[in-house]
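Student: Sending over a structure as structure tokens; questions will come in a sec.
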């Protein structure tokens, strides 16, 4: 039972983390067009509303707090693990 929960949580977390990391990479890559980077900023905000990063007129990334992103990912991992345990417990009822 616990292995199933751990596996499910690990898979879901890996998917979410990968998505966030891909968005961050696209945002940080100055070779990408500014409009593309702005789109990725908006996508990251949909996942993480507290994200305050933006591009200035010249395309410079400002308010890009990587520490907050790391904290969000850590919290996400715990949230997903708790959700998986809760779902497993509800299945037994």
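The values are calculated or read from the model by the stated rules, or taken from the named source; none is laboratory data. Fair warning: this is a prediction, and the values are worked out from it, not measured in the lab. Using ideal geometry, Cβ is built from the backbone for each residue, glycine included, and neighbour counts are taken over all protein chains shown.
Student: Could you grab me the full set of residues in segment 43-69 that are loosely packed, with under 11 Cβ neighbours inside 10 Å, under 16 Å from the mean Cα position of the chain (by Cα), over 14 Å from residue 16 (Cβ atoms) and without any contact (Cβ under 8 Å) to a residue 12 or more places away in the chain?
Tutor: 49, 67
Student: With (1) at pLDDT 95 or above; (2) in contact with a strand residue (DSSP E or B) (Cβ under 8 Å, 6 or more places away or on another chain) as the list, and residue 73 as the residue in question, which single condition is left unmet?
Tutor: Of everything listed in (1) at pLDDT 95 or above; (2) in contact with a strand residue (DSSP E or B) (Cβ under 8 Å, 6 or more places away or on another chain), residue 73 misses just condition (2).
Student: State whether one or more residues within segment 46-53 are more than 30 Å from residue 87 (Cα to Cα) and touching a helix residue (DSSP H, G or I) at 6+ places or on another chain (Cβ under 7 Å).
Tutor: For segment 46-53, residues more than 30 Å from residue 87 (Cα to Cα) and touching a helix residue (DSSP H, G or I) at 6+ places or on another chain (Cβ under 7 Å): present.
Student: Given the options 32, 65, 52, name the one that is at pLDDT 95 or above and either within 23 Å of residue 8 (Cα to Cα) or out of contact with any strand residue (DSSP E or B) (no Cβ under 6 Å at 6 or more places or on another chain) (or both).
Tutor: Numbers: 65 fails: at pLDDT 95 or above; 52 fails: at pLDDT 95 or above.
Checking each option against the conditions leaves just 32.
Student: Would a scan of segment 1-17 turn up a residue that is touching a helix residue (DSSP H, G or I) at 6+ places or on another chain (Cβ under 9 Å), touching a residue at least 24 places away in the same chain (Cβ under 8 Å) and farther than 22 Å from residue 86 by Cβ?
Tutor: No; the residues of segment 1-17 include none that is touching a helix residue (DSSP H, G or I) at 6+ places or on another chain (Cβ under 9 Å), touching a residue at least 24 places away in the same chain (Cβ under 8 Å) and farther than 22 Å from residue 86 by Cβ.
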